[in-house]
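Chemist: I have a structure here, written as structure tokens, and I will follow up with some questions on it.
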């Protein structure tokens, strides 16, 4: 958890740096695959995504590495906006990403909430804050998506939570 | 799954139901169709007037009190997939072409 446990020669833990870089790459690839998949889901709500890359961030939060989770999430949002997005999509995903990571960090301190609950809350809040940002950009008409976004945020969040739990149990790469 | 998870799920479910009730009790049948392109109004007529309006990038169809986008030259086709709208305050947005269809 702390870089002080390394041998002291390097200020940055190389193993961790590599892991972060790899995780950002995983996030971007998953995000790209999702954007292809999301075209078929657009009929439900425009541009809906499962948000699988959040499973990566979530796993990191559950290992206790809050700083790493923030770093990866911000890097992922900036890079995916540069690669596949537009200024508007950048602000939408930034508002959602920051809100959901914040609530996930806070909830991860509670012992009575598991990774699935954190994920659901994060997914729902992601959608809510994205909608708030969309209201500022396009006008109040988009609030009609609120019920479906709440519901889908919960469902997708639960899915990501289960995925994150599976990764967390199975994977040893987070034990650096 | 722990106790806190169920509290979160219950809260989300409650919020979803509440938002449906609120939005549907507040929504009214719309009266006017407004189409904006690059933030300029290019069309403003009653919703009862049936028309196929071409903005040059998107084809907006007004038919029997409902409005939908039938064609768009952008690659994501989000506005076409948005379906029909008829209630006050609803909108269809095409971000790539900066076209916005709104009901007032």
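Rule-based calculations on the coordinates, nothing more; no lab input. From a predicted model like this one, the values you see are computed outputs, not experimental measurements. Cβ atoms come from the backbone with ideal geometry, glycine included; neighbour counts cover every protein chain shown.
Chemist: Please compute, for peptide A:117-125, the average count of beta-carbon atoms on other protein chains lying within 10 Å of each residue's beta-carbon.
Modeler: 4
Chemist: What is the average number of partner chain Cβ atoms found within 10 Å of a Cβ in A:142-149?
Modeler: 6
Chemist: Hey, another quick one. Restricting to DSSP H runs of at least four residues, report the calculated mean residue ellipticity at 222 nm for chain A, -39500 (n - 2.57) per run over all residues, nearest 500 deg cm²/dmol.
Modeler: One gets -25000 deg cm²/dmol as the mean residue ellipticity at 222 nm.
Chemist: What does the C-alpha gyration tensor say about the overall shape of segment B:32-103? Classify as rounded when a/c is under 1.5, otherwise prolate if a/b is larger than b/c, or oblate.
Modeler: prolate
Chemist: Let me ask another. Quick check: from the Cα gyration tensor, does the protein assembly as shown come out rounded (a/c under 1.5), prolate or oblate? It would help to have the intermediate numbers written out before the result.
Modeler: Working: a/c = 3.03, a/b = 1.91, b/c = 1.59.
In terms of gyration-tensor shape, prolate.
Chemist: Classify segment A:94-176 from the C-alpha gyration tensor, please: rounded if a/c falls under 1.5, else prolate or oblate depending on whether a/b exceeds b/c.
Modeler: Prolate.
Chemist: Go through B:39-47, B:87-95 and give me the packing order, highest mean Cβ count within 10 Å leading.
Modeler: Output ranking for B:39-47, B:87-95: B:87-95, B:39-47.
Chemist: Okay, next question. Just want the ordering: A:100, B:82, A:119, from fewest to most Cβ atoms lying within 10 Å of their own Cβ.
Modeler: B:82, A:100, A:119
Chemist: Would you tell me the mean number of C-beta atoms belonging to other protein chains that fall within 10 Å of each C-beta in B:16-23, as a whole number?
Modeler: 5
Chemist: Looking only at A:15, A:67, A:111, which one moves most when chain A is put into a Gaussian network model with springs between Cα atoms under 10 Å?
Modeler: In the Gaussian network model the winner is A:111.
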